[in-house]
Each structure stands twice: as C-alpha cells, then as structure tokens.
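So the structure is just underneath, and the comments pick up after that.
The values are calculated or read from the model by the stated rules, or taken from the named source; none is laboratory data. This is a predicted model, so every value here is computed, not measured. Glycine gets a Cβ as well: all are built from the backbone with ideal geometry, and neighbour counts include every protein chain shown. The accessibility values were calculated without ligands, DNA or RNA, using every heavy atom of the protein model including side chains. Shrake-Rupley method; radii C 1.70, N 1.55, O 1.52, S 1.80 Å.
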Amino acid sequence: MAAKKAIETFSKSLIEDVHKWGCFKQTGVSLRYMMEFGSKPSDKNLLISAQFLHKELAIRIARRAIELENLPCGLSHKPAILKVRDWYWDSFRDIRSFSEIKNMNDEKEFTEVIKAIKVRHNNVVPTMALGVQQLKKDLNPKIYKEDIVEIHQFLDRFYMSRIGIRMLIGQHVELHYPNPRPHVVGYIDTRMSPVEVARNASDDARAICCRQYGSAPDVHIYGDPDFTFPYVPAHLHLMVFELVKNSLRAVEERYMNSDKVSPPIRIIVADGLEDVTIKISDEGGGIPRSGLRKIFTYLYSTARNPLDEHTDLGVGDNVTMAGYGFGLPISRLYARYFGGDLQIISMEGYGK
C-alpha cells in the first residue's frame, strides 16, 4: 500500500530523482566550521551557504525519504509514518523545484523555502512516535524481538539526520538577523553558560511537572555561573529538560503519598580539561537492571503512553511529562551530534 500510494501521489520523474539524489554522499559540517563561516555573514557567505544547502538538503532529505519506504514489520504502512514520508517527499520536491541560486534575490527566496520546510517538519518526532506505537500494538512478540534492532538503528539514523537538517537550516536562517545577540553566531552561542541553560531547562520542566501533578520537587544547580563554552543552547536545553523531566516525575510519583518532603533534583556542572560534564541525579527510586537495557530503545517507557490521548498532532507540540519513549534516545543523539555522549547510571531503590 505504501509503495502504491507513493506512485499515485508523486510523479515517476520525482521518484527517480529522489533515488538518484539518495545515492549521493552527504557532507559533514563541524561546529567549529559553522562558527567560523557564520562569524561574518556577508552576502557572499550567505550565497555560498544557500548554494551548499540547495544540494546538501536534497541529498539528506532524499536518503530519509527512501528509508521511510522500506521499513521492517510493515512500519512504512502505518498512517503516521505515511504522513511523515509525504512531508519528506514534499520537501524534496520544493528544494529540487527551486532553480539555481545565482544572486541574493535567489538566496532570499530559497531561505523562505527552507524556513517553510523546517516548519513543515516541526511535528516529525511525535508523529513518528505515534507510528511506532501503532506498530507496537500490532506486533507479534516473536517478530518484535527479531526486528527491534533494525527499527532502533533506523530511528537512530533518522533522528540524527533530522538534527543535522534542522541545524543546517536554522543556522542559515539565523544568520540573516541584522542584530544578533553578543557572542551568538546563528544557532551557536560562543559563550554559552551551561549553568544558565540548565536553570532555564529546569524551570521549564518544573512548570510541566506542576501542571501534571500540582507540585514539583526543587532543583539545585551547582557550578560556576561564569563558566562558558561554545555550543548550541537549544540542544543542551532539550537534553537537560528531558532528563530533569524524567527525574521530576520519578521523585514526584515516589513521594506522592508520603509524608516526607520530596528530595531535590541535583545538577552538577563540571569544567574539565577535555570535557564539560553535566550530572543530573535524583532519589526517584532508580531503574531496575532489567530495564536499563531498554531505556535507549524507542519502544520503551516507564510511563503511560500519552499518544493514546492525543492522536491529532497537526497543531503545535503536545508536551507531556513522559510516555513517548523517545526522550532519552533522542537526547543521547543530540549529545552525540557534536561528539559528546549521554550515560545513565542507576541505583535501584534509590535513584540515578
């Protein structure tokens, strides 16, 4: 059905073009290069950036569009996955329909095109999560065990690619702003304070927790507020937000019917010679050893699945305390995107 729908919806020439561009090799772009290139966003640099994205985005989007057609266990046929697949095909068509970028007028028009593409893909994560949950309901347990690795590897590739695509588009778009904040180059803050980002992310997570439970444990942050390093604040915010949200839920649910005061979540920011380490710990009871193997898979969550409640994902993002099963694996991908990592160490009966 998925293949049939693609043929009916898209022209033969477009399908051939997608498969052609999907065979090309994509080009990696480092944080340092984006900082140096974007430090002087002249018309010349913006034009070079647009010309690069005109080809690079076509390659990256085509590769994902092809993969979405060939997923195991019938995942490609799920309604939510078909919706995501159509977004990728439409975006590829928009980019390839744009003629060669020769001058700044072309550059400005192309920038509007990729801004629209970024908005189109805003709800990819919850929509993919819905598709995976649709698959999970239908899977025979024996088939699930055989194909979970392949599904997990695909989703890792898919989401890592999505991070890269949104980073490239967002960086280019941000470089157009005439009055950037000091020390900011597009998406990158060359003097980002991890303590400040952790505080903002914690406040956001506590607000969600209060909305869900009526209260939230305190969050204590330890570290030098004057320490800074170059990074993407939005990426760190997402990681800390997800991890603190998990800790808040665990503590809140563990002490919900207790006379004891909920213990605080602790965040420690350490500046080492080689690494910046952010440790988040709680007393939420920890994760059993049998569950630790599953926490970075996309079909595991210790919370009730909110996708049963909101299946209409067309408007905005539905932010809930937990349940998609995607928070930890996607946070780890964000950490790894620029060479970092995310690790979970649990003490069952205490916390992590």
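Can you confirm whether ILE81 is touching a helix residue (DSSP H, G or I) at 6+ places or on another chain (Cβ under 7 Å), touching a residue at least 40 places away in the same chain (Cβ under 8 Å) and farther than 26 Å from PRO233 by Cα?
Here the answer is yes, as ILE81 does meet what is asked.
What tally of residues in segment 7-47 results from selecting those that are at pLDDT 90 or above, open to solvent by 100 Å² or more (accessible area, probe 1.4 Å) and not basic (Lys, Arg)?
Total meeting the criteria: 4.
Which of the following residues is touching a His at 6+ places or on another chain (Cβ under 7 Å) and not hydrophobic (A, V, I, L, M, F, W, C): THR190, THR228, THR127?
THR190 is the lone residue from the list that is touching a His at 6+ places or on another chain (Cβ under 7 Å) and not hydrophobic (A, V, I, L, M, F, W, C).
How many of the residues making up segment 87-116 are charged (D, E, K, R) and either modelled with pLDDT under 95 or open to solvent by 60 Å² or more (accessible area, probe 1.4 Å) (or both)?
8
Taking segment 117-142 as the search range and keeping residues that are open to solvent by less than 60 Å² (accessible area, probe 1.4 Å), in a helix (DSSP H, G or I) and closer than 19 Å to GLY170 by Cα, which one is modelled with the lowest pLDDT?
Start the filter on segment 117-142 by keeping residues that are open to solvent by less than 60 Å² (accessible area, probe 1.4 Å), which leaves 117-118, 121, 123-135, 139.
Next cut, in a helix (DSSP H, G or I) only: 117-118, 124-135.
Adding the requirement that they be closer than 19 Å to GLY170 by Cα leaves 117-118, 124-125.
Details: ILE117: 98, LYS118: 97, VAL124: 95, VAL125: 92.
It comes out as VAL125.
Taking GLN51 and the conditions (1) buried (at least 17 other Cβ atoms within 10 Å of the Cβ); (2) modelled with pLDDT of 95 or more; (3) not acidic (Asp, Glu), which numbered condition does it fall short on, given that it satisfies the others?
Every condition holds for GLN51 apart from (1).
Name every residue in segment 29-52 that is under 20 Å from the mean Cα position of the chain (by Cα) and among the aliphatic types (A, V, I, L, M), in order of residue number.
Answer for segment 29-52, where residues must be under 20 Å from the mean Cα position of the chain (by Cα) and among the aliphatic types (A, V, I, L, M): VAL29, LEU31, MET34.
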